[in-house]
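The values are calculated or read from the model by the stated rules, or taken from the named source; none is laboratory data. Since we're looking at a predicted model, the values are computed, not measured. Cβ placement follows ideal geometry from the backbone for every residue including glycine, while neighbour counts extend to all protein chains displayed.
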């Protein structure tokens, strides 16, 4: 591979209709633009968690988890090594199932850190995960993208890069994500090279690597090592892998092989049971919660026997279905209640929690999209979520990343940064001076106290419209979706690629080239 | 007034363009329809409150409230009687201000009940307010209405009646509201007659009467007495009045005159400071909360010296402004945090709390509308709100009642009924039988446990779309707003007027006729 940009190669390799040439143009502009690293706000919770179960109820769920872990066991398929490692740690293995005695999985999880540090490529993008600290990450895994301009279509590498750039531009996302959308114009067995390149090149935020095959996981790590160095990475978490359980109560070998590769490289894991109540688990939430807890504990226990101290996120993705149709539903009252309980369980085992996200089943960035997204996102934070996957862009149960929804979600991410700060009660904020200087019946707008607090008292929402009806109508009566369309386009125009040393960049390009030519294209 | 329907008179009195004749037609249909009373679900909280301040912080706010009540005092303008009543109760009066010693206002509030019962005209519509019990009421006070069909226009009596009917039809609203929208086609001094008639005739849910002049308050009560009887009403709360403070730190005579009339008739009051931070109070939330607390306590204290035991709701309407433009903003992080603290203060004084609502500054029922509405509504319930005004229909900071937004909000009211139930953790919901009967790798969809819980496990959302993209596209790619348009029209078609004895109805019509002809039309 020569010193041309990686995406120029992508453009060469994949025939695109002429009308989709905006990617090419924006890349040429981008070559001239290499800017400062975008600042990012940390998200620290100064509010209590919202615990909805009492101690006895929580114990009932924990006991059910122990029963599942002991009696039912967790299957590990196509991965003898993982079974052997668990066996060596004292777990009873019967066939391909690991049976954990009561408390055994929890004990094995104890070497995982309660908080860990996630190192982005820039100092501005290094964040604590766990305790009071939360990182927000964009959506993950959508095969489709949508915009008001082009409607819904299969995602391409250009889309992938665009979302990496948008996530990088936001002060309210701490993470570049993983498979932000599936670049379906790239052969399946080579996508990871292009995706990891984009995260490393176009962003400086932490990111997620590939988990779909052992060599792809290894490639992801090897590319990060070019940027961060192997020695540094062995002790510092610069990337993560999202490991889904194969619910109900199983892990498949593809996932556990990836788990081992990342853990051994000193990188982070998000262990996520993915359960729709009534399909991959019982329809009643207490059962589903107990099951998710069992699955997560087993996966985390494995990560710790592979390498004690591995940084893990205690994840879950629990949701409901429409019981008339079987379709998955999001942001529902039942799913939100379950999320709050997962938060209680995460604190019980003292591990960082994955929870929440701007989730919705809606097909467009409409009222339903934000009704469901707002309630699931707010709930995730109230649960004490430390790692919020799908914090921006999700539509259609994750099948689509929407450009407009992405920036809408960013707006709410900003609001939630303010929400998490809580209220600072002190002599100044109690406003004695304001009350004393303002005459009866007067407005407080011009008083000194207001002027002093003017700039920082309230989060300034830019996408939400608060102007008069008349002004709004004069401006074209735009919906939030239409305004969002303008915002993401402007963000992409304003994007400036962060700096990367030439020699590092060249090594990345060489690595990608070698890997690309070493294997034929495959679409599985 | 003859035995014609009241709204036929309204139609006679007010020339309407032909295209707006749907009201007339629906009224004719309605004459033939007189159905059973619509059932309604009670809303009882089985979740803890979400308290965000610690005891010390809360004490700082309470001390600031005491300082305001004592040093600044609360002005009562144009109402010597209220000042005299407070004076007689030991409150220090200086000019038109009542100065309460520390703890004095709180002590006067102590005769107000922690919970009270709200009697609708039908047994199905009688609800507890306070403690764990909440009632949801529609929006209040909008001069405009909007629909996808007609856009935004001044509200008419037909609109008012439509919203009363829609509220009546919902199992998730417990209350018919008050000035659900302003019927601007009726002279100001006679609107209350038509509005109270509509609440009594087209609904059987509790409602709010007029507060804009003493004779209108009295008329509202007199009309209710025709239906409920004076003796019954003296001891039972069948209606309420929303009394706004004239923030900052004042009540005007119009409101306190109405307060006295309702209290003396044994009816309920919602005492609501209405404060936009930076305008009618300081811009910092702790100051605003202390101010709202002071204003509410003073108003409630007055209600109790007028008639000890008067049913009151400890209200507030606190929000933020866009500090660049001065425009009010809703569902913001700062306003939501304030709402949670108001909840803590309501429990401190042991009174039912008004809080939350589906609030938004958006001009249309779009993503912004539901993003803001969802966060303010969910917050209001988490604060322990017992009385949620504006739970359906609000757009544009309350200037507009939207038909589409109304039914969207109803959907979320339904979800929140489920949310409030919390999780029932027991042997059955822990799902042991489901786990035992389901083979590894199988779906839980067909297992007995799922079938048993199938119907009631999840709230069934009808307006939210969870079908596949393809099915949604085939159905016309409708947004939630467009689907909502179909729903409210169908609801109005399905509406059946609840029964009312002829003699009662005739008395109501006679009363209205007498009052109408007794005064010339006035538009103030």
Discussion item. Against the conditions (1) buried (at least 23 other Cβ atoms within 10 Å of the Cβ); (2) within 9 Å of another protein chain (Cβ to nearest Cβ); (3) assigned to a loop (DSSP other than H, G, I, E, B), where does residue A:440 fall short? Just the number, please.
Written reply: (1)
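If you check residue B:310 against the conditions, is it closer than 24 Å to residue A:445 by Cα and assigned by TED's automatic domain parsing to the domain that holds residue B:378?
On the way: closer than 24 Å to residue A:445 by Cα: no; assigned by TED's automatic domain parsing to the domain that holds residue B:378: yes.
The answer is no for residue B:310.
I need the full set of residues from segment B:232-246 which are surrounded by fewer than 24 Cβ atoms within 10 Å (Cβ to Cβ) and either outside the structural domain of residue B:125 (by TED's automatic domain parsing) or at pLDDT 95 or above (or both), in order please.
Here is the first cut: in segment B:232-246, the ones surrounded by fewer than 24 Cβ atoms within 10 Å (Cβ to Cβ) are B:232-237, B:244, B:246.
Matches in segment B:232-246: B:232, B:233, B:236, B:237, B:244, B:246.
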Worksheet, complete the sentence: (1) more than 9 Å from chain B (Cβ to nearest Cβ); (2) more than 30 Å from residue A:154 (Cα to Cα) all hold for residue A:390 apart from (2)
Worksheet, complete the sentence: Picking from B:342, B:285, the residue that is facing chain A (nearest Cβ under 9 Å), over 16 Å from residue B:69 (Cβ atoms) and in contact with a strand residue (DSSP E or B) (Cβ under 7 Å, 6 or more places away or on another chain) would be B:285
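Could you grab me the full set of residues in segment B:47-61 that are touching a helix residue (DSSP H, G or I) at 6+ places or on another chain (Cβ under 7 Å) and more than 9 Å from every other protein chain (Cβ to nearest Cβ)?
Of all residues in segment B:47-61, those touching a helix residue (DSSP H, G or I) at 6+ places or on another chain (Cβ under 7 Å) come to B:47, B:49-53, B:58, B:61.
Residue satisfying the conditions is B:49 alone.
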Discussion item. Within segment A:443-452, take every residue that is more than 7 Å from chain B (Cβ to nearest Cβ) and outside any helix (DSSP H, G or I) and give me the one that is modelled with the lowest pLDDT.
Written reply: A:446
Discussion item. Given the criterion more than 20 Å from residue A:321 (Cα to Cα), more than 7 Å from chain A (Cβ to nearest Cβ) and touching a residue at least 60 places away in the same chain (Cβ under 8 Å), identify the matching residue among B:426, B:485.
Written reply: B:485
Worksheet item: Of B:261, B:186, which residue is under 19 Å from residue B:509 (Cβ atoms), in contact with a helix residue (DSSP H, G or I) (Cβ under 7 Å, 6 or more places away or on another chain) and either assigned by TED's automatic domain parsing to the domain that holds residue B:309 or at pLDDT below 95 (or both)?
Response: B:186
Worksheet item: In segment A:413-423, what residues are at the interface with another protein chain (Cβ under 7 Å from one of its Cβ atoms), touching a residue at least 40 places away in the same chain (Cβ under 8 Å) and closer than 18 Å to residue B:54 by Cβ?
Response: A:419, A:422
Practice prompt. State whether the residues of segment A:422-439 include one that is at pLDDT 95 or above and under 19 Å from the mean Cα position of the chain (by Cα).
Written response: no
Practice prompt. Only residues that are touching a strand residue (DSSP E or B) at 6+ places or on another chain (Cβ under 6 Å) and closer than 15 Å to residue B:415 by Cβ: list them for segment A:322-339, please.
Written response: A:322, A:329, A:330, A:332, A:334, A:335, A:338
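Can you tell which of B:365, B:369, B:391, B:383 is without any contact (Cβ under 8 Å) to a residue 60 or more places away in the chain and in contact with a strand residue (DSSP E or B) (Cβ under 9 Å, 6 or more places away or on another chain)?
Numbers: B:365 fails: without any contact (Cβ under 8 Å) to a residue 60 or more places away in the chain; B:391 fails: without any contact (Cβ under 8 Å) to a residue 60 or more places away in the chain; B:383 fails: without any contact (Cβ under 8 Å) to a residue 60 or more places away in the chain.
None of the other options fit; the residue is B:369.
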Response to the item:
Scanning segment B:453-470 for residues that are facing chain A (nearest Cβ under 9 Å) and assigned to a helix (DSSP H, G or I) gives B:453, B:469
Worksheet entry | Filter result for the condition that a residue is crowded, with 24+ Cβ neighbours inside 10 Å, closer than 21 Å to residue B:242 by Cα and at the interface with chain A (Cβ under 9 Å from one of its Cβ atoms), over B:374, B:400 | B:400
